[in-house]
Amino acid sequence: MELFSIKEYLNSDEIQTFGNSDATIDIRTIKLLTKDQTRFHKNILYLGPTELLPDANLSLDSTILCYGKSPDPSVYQGSKLRILYMENEFDCAKMFNDISDRLQDIQKINTALHLLINAFFTEQGLQYLTDVAHEVFGNPLFVVDTRHKYLAMSAGTIADTTFASEENRIGYINAEGLAYLKKNRIDERIREQNAPIYFVNPLHNKGMMVDAITINNIEVGHVMLYEQDRPFGEFDSILLHRTSRIISMELQKDSFIRANKGFMYSYFLAELLDNPLSNYSTVAERLETIGYDLKEDQYILVIPAQSYRDTSTKLDIIVEQLRYILPHSIYVIYENSIVFLISRNRKEGITEHEQSQLTQFLTTNELTAGMSNFFGDLRDARRFYKQAVKSIDMSKKMNRQGPIHYYSDYYLYHIFEMCEQEEEIRFFIHPGMMRLLQYDETHGTDFLTTLYEYLESPGQPTQIAKRLHIHKNTLLYRMDKIRSIMDCKIETGDEFMSFGLSYKIMQYLKLV
């Protein structure tokens, strides 16, 4: 047990430290300080009165917790001795027993960790490690990945509820369980604490302790401990946090990235982005040869280098997790970016669940991505790769925040950017819109915002008024005023389209 942990346990506010300030030293046991003692050990905490303190000039690398008359701090300046002094009176025998009990508890944790580490080195896999963890904790333990799929669960675990039986059958946390975890911010609370959290799960009718499994600071799953066979103890949280680190190492031994097929796909995609093939049938044949089933629609996802900080180890973990979230995908590291080719059936596309999982993963790990429009011909892959890259560039130019940026949200701004090379695009703004902008600037009004909300939801005055936090009658008055200022009809088809386009140009030029 590190010395700083003992200080925290004793309430460090009541302790003065003299001499050596290193509080990371590992303390393994405690002994009483005796008169004329000459033999000291580095990893033993000695307890006794200040009159028994050894000479500071002796080169002793040891730790002493003392009480009584205050020692002179200057005497121990530069000494190897770590002197902890408690000025307030306390029961010495009780203090000795309390620290001794604490150290024994830590020894139990170390013994448990020793069993888990031995299980890790037996090379018998995640399931065996999970079974050993069950014996160590005296409670069942489960491991799930970021798709909420059960990777391992303690052997002999009894599903004592209908809910648990259903999850065991499908091998996933079901929709009701996911809704509960999301509603109660379980994942967010774990990240905020960087430690296991405890909660009573009404779906399982028992307490649970959950911790994140990370590889190089990338979240790859969770380990869950059920309070089924015995109540949780004081040190279960500490032990579970360390167990999650051992499970992390076990998962790294069987990395999905090492699959040979993944490298063949990467080589193919890199070649496709460099040299689009002219013969589509050749593309399909090559994909079939390497065992890839091409669907009707393709998407390109790009995570730029500055987003993943160009760390090679972390990069592998990011890719592995994205393969879980976006199955049936090809990836490559291209122009220092992570590039995914996602192939989907036209009817399904990228599902809401996949988009939700992708957004959550990118947000959790502070990553930014761009997504192209869908396309059908792989000969166009490079063009749509550029779309994904451009969506990230435009998001920065437009000061848009968020983990994922879709080209479909930025294509107009991309057009404006290209038009700027030939013409000043401010001249394409409808004159009525410019009059409204000048009116707002002169009178301190915000009619442009009102018009924008109207353009977004035409024919829905109640919803528009609600978003603007005004009464419906106030909205109708404003719209009449806007028509008067602009001197034109807003509802006319051509003008309606022109106003929407003009507002986008004004956004691009940062006029609004």
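Observations on the structure shown:
- When DSSP beta bridges are restricted to pairs lying wholly in the chain, around 70% turn out antiparallel.
- Over 26 Å (Cα to Cα) - which of LYS42/LYS253; LYS182/LYS386; LYS7/LYS206; LYS7/LYS94 fall in this group: LYS42/LYS253; LYS182/LYS386; LYS7/LYS206
- Dimensions of segment 390-479 along the principal axes, based on C-alpha atoms and rounded to the nearest Å, stand at 42, 32, 23, largest first.
- Taking the square roots of five times each eigenvalue of the Cα gyration tensor of segment 1-67, the equivalent ellipsoid has semi-axes of 19, 13, 12 Å, listed largest first.
- Reachable lysines from LYS481, criterion Cα separation under 16 angstrom, eight or more residues apart if same chain: LYS472, LYS489
- In the context of the full set of protein chains, residues of segment 109-258 present 47 Å² of accessible surface per residue (probe radius 1.4 Å, heavy atoms only).
- Residues of segment 5-35 with amide N under 18 Å of a point placed 7 Å along Cα→Cβ from LYS69: 34-35
- Using a Förster distance of 60 Å, the FRET efficiency for ALA195-LYS472 (Cβ separation, nearest 0.05): 0.75
- Per-residue ellipticity at 222 nm computed for the chain from its helices equals -14500 deg cm²/dmol, with DSSP H segments shorter than 4 residues left out and the rest contributing -39,500 (n - 2.57).
- Distance between the modelled labels on GLN438 and THR462, one decimal in nanometres: 3.9 nm (7 Å Cα→Cβ projection).
- The chain: translational diffusion in µm²/s, Stokes-Einstein, Kirkwood Rh over Cα pairs, 25 °C, 0.890 mPa s: 85
- Here the contact order of the chain, divided by its residue count and restricted to Cα pairs under 8 Å and six or more residues apart, works out to 8 percent.
- Cβ-Cβ distance of ASN97 and ILE170, R₀ of 56 Å, FRET efficiency by 1/(1 + (r/R0)^6): the value works out to about 0.65.
- Solvent-accessible surface of segment 2-44, taken per residue with a 1.4 Å probe and all protein chains present: 65 Å².
- Over the Cα atoms of segment 322-446, the radius of gyration divided by the Kirkwood radius equals 1.09; this is the Rg/Rh ratio.
- Close amide H partners of THR29, meaning residues 5 or more places away or on another chain with modelled amide H under 5 Å apart, are LEU45.
- Convex hull of segment 458-506 built on C-alpha atoms - directionally averaged projected area, nm²: 3.7
- Taken over segment 186-256, the alpha-carbon convex hull comes to 104 cubic angstrom per residue.
- In this simple spin-label approximation, ARG383 and PHE427 carry label points 7 Å from Cα along the Cα→Cβ vector, and these lie 3.0 nm apart.
- Given R0 = 45 Å, the distance between the Cβ atoms of ASP36 and ILE238 translates into a calculated FRET efficiency of 0.70.
- In a DSSP loop and with at most 12 other Cβ atoms within 10 Å, the GluC sites (Glu not before Pro) in segment 84-149 are GLU87, GLU89, GLU123.
- The accessible surface of the chain, taken with every protein chain in place and a 1.4 Å probe, is 49 percent carbon and sulfur.
- Taking all C-alpha pairs of segment 3-139, those more than 17 Å from each other amount to 63 percent.
The values are calculated or read from the model by the stated rules, or taken from the named source; none is laboratory data. Source: prediction; values computed, not measured. Backbone-built Cβ (ideal geometry, glycine too); neighbour counts: all protein chains shown. Quick note on the areas: whole protein, heavy atoms, side chains included, nothing else; ligands and nucleic acids left out. Shrake-Rupley method; radii C 1.70, N 1.55, O 1.52, S 1.80 Å.
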